Every structure is written in structure tokens, then in C-alpha cells.
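Engineer: Structure incoming, see below.
Nothing in this text is a laboratory measurement; each read-out follows from the coordinates by a stated rule. What you are looking at is a predicted structure, and each value in this text was computed from that prediction instead of being measured. Note that we place each Cβ from the backbone using ideal geometry, even for glycine, and neighbour counts take in every protein chain shown.
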């Protein structure tokens, strides 16, 4: 990856961390618990052995899988990416 893109990615990751810390501090100051984040992606059965991973806010299909486990793994990966995290699910390469 070119250095400028790497620096930008690291800068964005640092900003995400700062935003998370600031949000936690703000809720601690006012004495309330942080709201629970809703699930962004949902697995929907679309026939015999076919599953769509759908983004709940837009209704857009983000992926199609042919096993339930693969669809759930895909949804978890998309959730993690939306949160800016890197994860590795065994047996699923991407």
C-alpha cells in the first residue's frame, strides 16, 4: 500500500478511536449509559439454500451466500468493517 494511503488510514483510525473515547467520556459526564448500537446487516433467506446479507438502513443487498454459516460470517465481517475493525474468520478468506 502506498505510504500516503497508509498514513491516511492510520489517521482515520486514530480519529475513530478519539471519537469513541470522547463519546464515552461525554456519557460518563452526564451519568447516562451509551445507547446500544443496532445491527447494521441482516441475513435473509431467499429460497432453498440461498441467503442475502442486507444492510438494514438502505435495504441494499451487500452479499449473497449459499450456506447460513457463510451468510452470518459475511454479515459479521461487514459489521466489523463498518466499525473500522479488522477480523479474521476461520475458513473465510477476504
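Engineer: Using 0.36 nm per residue, how much length does the chain from residue 42 to residue 28 gain when fully extended, once their Cα-Cα distance is taken away? The partial results should precede the final answer.
Structural biologist: Details: separation 14, 0.36 × 14 = 5.04 nm, distance 3.10 nm.
Full extension of this stretch gives 1.9 nm more.
Engineer: Which of [x] 15.0; [y] 16.4; [z] 15.8 is the computed Kirkwood radius over Cα pairs in Å for the structure on display?
Structural biologist: Given [x] 15.0; [y] 16.4; [z] 15.8, the calculated one carries the label [z].
Engineer: Tilt of helix 3-30 relative to the longest C-alpha principal axis of the chain, in degrees (0 to 90, nearest 10)?
Structural biologist: Approximately 70 degrees, to the nearest 10.
Engineer: I've got another one for you. Please label the shape of segment 9-49 as rounded, prolate or oblate, based on the square roots a ≥ b ≥ c of the eigenvalues of the alpha-carbon gyration tensor (a/c under 1.5 means rounded; beyond that, a/b larger than b/c means prolate, else oblate). All intermediate terms of the calculation are to be shown ahead of the outcome.
Structural biologist: On the way: a/c = 8.79, a/b = 1.77, b/c = 4.97.
Because a/c hits 1.5 or more and a/b fails to exceed b/c, segment 9-49 counts as oblate.
Engineer: Highest mean first, how do 45-57, 7-19, 25-37, 72-84 rank when packing is the count of other Cβ atoms within 10 Å averaged over residues? Provide the component values of the computation, followed by the final result.
Structural biologist: Working: 45-57: 13.7, 7-19: 11.0, 25-37: 8.7, 72-84: 16.2.
Peptide ranking by packing, descending: 72-84, 45-57, 7-19, 25-37.
Engineer: Now a separate question. I want to check the label-to-label distance for residue 7 and residue 81. Put each point 7 Å from Cα in the C-beta direction and report it in nm to one decimal.
Structural biologist: 2.7
Engineer: Quick check: from the Cα gyration tensor, does segment 37-87 come out rounded (a/c under 1.5), prolate or oblate?
Structural biologist: Verdict is oblate for segment 37-87.
Engineer: Hey, what angle do you get for helix 68-82 against the long axis of the chain, alpha-carbon based, 0 to 90 degrees rounded to 10?
Structural biologist: Helix 68-82 and the main axis of the chain meet at about 20 degrees.
Engineer: So what is the relative contact order for the chain, in percent, with contacts set as C-alpha pairs under 8 Å and at least six apart?
Structural biologist: 17
Engineer: In addition: Work out how much length residue 14 to residue 68 would gain on full extension: take 0.36 nm times their residue separation and subtract the Cα-Cα distance, in nm to one decimal.
Structural biologist: So the extension gain works out to 16.0 nm.
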